[in-house]
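**Q** Below is a structure I'd like to ask you about.
The values are calculated or read from the model by the stated rules, or taken from the named source; none is laboratory data. Please read these numbers as outputs of a predicted model, since none were measured by experiment. Every residue, glycine as well, gets a Cβ built from its backbone with ideal geometry; the counts of neighbours run over all protein chains shown.
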Amino acid sequence: MGKIDPPFQETYKTLFKDCLVRATEGRNLPMVEECELPLIDINRLSWGHPEREKCITEMAEAASKWGFFQVINHGIPVEILERMQYEQRKVFHTSFQNKCEGNILNLSANRYLWGNPKATCLRQFSWSEAFHIPLADISRMGSENRSLRSTIEAFVQTAATLAQSIAEILAENLGVKSKFFAKYCTPSTSYLRMNRYPPCPFSSEVYGLLPHTDSDFLTILYQDQIGGLQLMKDGRWVGVRPNNNPEALVINIGDLFQAFSNNIYRSVEHRVIAQQEIERFSVAYFFCPSYDAVIESFSKPAIYRKFSFREYKQQIQKDLLATGDKIGLSRFLV
């Protein structure tokens, strides 16, 4: 088997040239305070009216104050989560060449992402690799990937149900009883992303994943116990301490829910810090609408104008090409 790690340094020699010098000087990123995200047992939704209302309130407060929270008793069996982690390890530990050629998942090669070919400086570089899988493509996986395919299907089926349930509950808290999510956010419009963060000799200067917000309604994240996720809270970065419960999932609000809620819920900037000596894994389910779906603030006066998901994604791509950065919701202010 060939080398499994992407050739970051060899491919981006110019970017990393000065890093080789600075790495010997022992420079480090500033230490950040660690926090524990609000942890919510969503099984309480079935415990009767008072407890259900209390649970919904806790979710809504976390979505407003943090943009993030954790859930347990969410309906995705621990066995599926463990299988998902095992299968993605197998995929990422195959040769870099096979991953690049699309031989692993029988998907097009551009579903495998690593680094950032458009980076002009280290601030724009991500020391990570990922498989970006639209759920409509899962059926294309060949028989040689039967175990991975069945695991992804089991994970996606349960994650889709969970995502729709959380979205409807958060909308209900806004006073919106809408069939929007059932109509426009079907499994075929969402996608899965499997992430690996290889050990990084320049962890003091390079991100595992660049600071960003998610361009969806919400994201369901299953991560290992290594840590590295950080989010912006009250104007400063804080580290998210992994929960000891092996079934805990991280939920974060995306841009579309911030617009839909008229800024009541927050799509918070987050990033991943690269680890120097150990690899990290995560898998994310992105709950997205169809491209024709129109996003509209539920209350008036609206902070954002109406826009389709297609228009939003196209604007992001234009901004990335022009500036190297995602500008996001501020493009759609009234």
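**Q** If you scan region 3-33, which residues turn out to be outside any helix (DSSP H, G or I), surrounded by 12 or more Cβ atoms within 10 Å (Cβ to Cβ) and at pLDDT below 90?
**A** Those that are outside any helix (DSSP H, G or I), surrounded by 12 or more Cβ atoms within 10 Å (Cβ to Cβ) and at pLDDT below 90: Tyr12, Leu29, Val32.
Conditions tested, residue by residue: (1) aliphatic (A, V, I, L, M); (2) crowded, with 20+ Cβ neighbours inside 10 Å; (3) at pLDDT 95 or above.
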| site | (1), (2), (3) |
| --- | --- |
| Ser147 | no, no, no |
| Ala154 | yes, no, no |
| Ala163 | yes, yes, yes |
| Ser178 | no, no, no |
| Lys183 | no, no, no |
| Tyr197 | no, yes, yes |
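**Q** Given the options Val206, Val250, name the one that is crowded, with 17+ Cβ neighbours inside 10 Å, in contact (Cβ under 8 Å) with a residue 40 or more places away in the chain and more than 17 Å from the chain's Cα centre (by Cα).
**A** Going through Val206, Val250 in turn, just one is crowded, with 17+ Cβ neighbours inside 10 Å, in contact (Cβ under 8 Å) with a residue 40 or more places away in the chain and more than 17 Å from the chain's Cα centre (by Cα): Val206.
**Q** Same structure again: Give the residues of region 287-311 that are in contact (Cβ under 8 Å) with a residue 60 or more places away in the chain and closer than 17 Å to Tyr265 by Cα, sorted by residue number.
**A** Once the filter is applied, which keeps residues that are in contact (Cβ under 8 Å) with a residue 60 or more places away in the chain and closer than 17 Å to Tyr265 by Cα, region 287-311 yields Phe287, Cys288, Phe298, Ser299.
**Q** Another question about this same structure. Checking Ser261 against (1) under 18 Å from the mean Cα position of the chain (by Cα); (2) at pLDDT 95 or above; (3) small (Gly, Ala, Ser): exactly one of these is not met. Which one?
**A** The failed condition is (1).
**Q** Inspect region 108-129 for any residue being assigned to a helix (DSSP H, G or I) and among the acidic types (Asp, Glu) and give the result as yes or no.
**A** No, the conditions are met nowhere in region 108-129.
**Q** Please determine, by comparing only the residues of region 123-145 that are under 21 Å from the mean Cα position of the chain (by Cα), over 27 Å from Tyr291 (Cβ atoms) and surrounded by 15 or more Cβ atoms within 10 Å (Cβ to Cβ), which one is modelled with the lowest pLDDT.
**A** Among residues in region 123-145 that are under 21 Å from the mean Cα position of the chain (by Cα), over 27 Å from Tyr291 (Cβ atoms) and surrounded by 15 or more Cβ atoms within 10 Å (Cβ to Cβ), the one modelled with the lowest pLDDT is Phe125.
**Q** Here's something else I'd like to know. Quick one: is Thr189 at pLDDT below 95 and surrounded by fewer than 17 Cβ atoms within 10 Å (Cβ to Cβ)?
**A** Spelling it out, it is not the case that Thr189 is at pLDDT below 95 and surrounded by fewer than 17 Cβ atoms within 10 Å (Cβ to Cβ).
**Q** Continuing with the same structure: Of all residues in region 216-234, which are surrounded by 20 or more Cβ atoms within 10 Å (Cβ to Cβ) and of a type in the set (Gly, Ala, Ser)?
**A** Correct list: Gly228 only.
**Q** I need the strands (runs of 3 or more DSSP E) fully contained in region 224-334, keeping only those with at least 2 residues that are within 28 Å of Glu129 (Cα to Cα) and touching an Asp or Glu at 6+ places or on another chain (Cβ under 6 Å).
**A** Output list reads 236-240, 280-287.
**Q** A follow-up question, please. Please work out if Arg310 is in contact with a strand residue (DSSP E or B) (Cβ under 9 Å, 6 or more places away or on another chain), over 19 Å from Trp127 (Cα atoms) and either surrounded by 19 or more Cβ atoms within 10 Å (Cβ to Cβ) or modelled with pLDDT of 95 or more (or both).
**A** The answer is no for Arg310.
**Q** Then there is this: Tally the residues that are assigned to a strand (DSSP E or B), among the hydroxyl-bearing types (Ser, Thr, Tyr) and touching a Lys or Arg at 6+ places or on another chain (Cβ under 7 Å), restricting the search to region 198-223.
**A** The total comes to 1.
**Q** Looking only at region 39-68, filter to residues that are surrounded by fewer than 16 Cβ atoms within 10 Å (Cβ to Cβ) and in a loop (DSSP other than H, G, I, E, B); which one of those is modelled with the lowest pLDDT?
**A** Gly48
**Q** Return yes or no: is Phe92 surrounded by 15 or more Cβ atoms within 10 Å (Cβ to Cβ), touching a residue at least 60 places away in the same chain (Cβ under 8 Å) and closer than 30 Å to Asp234 by Cβ?
**A** Answer is no for this residue.
**Q** Which condition breaks for Glu172 when tested against (1) among the acidic types (Asp, Glu); (2) surrounded by fewer than 17 Cβ atoms within 10 Å (Cβ to Cβ); (3) touching a strand residue (DSSP E or B) at 6+ places or on another chain (Cβ under 6 Å)?
**A** (3)
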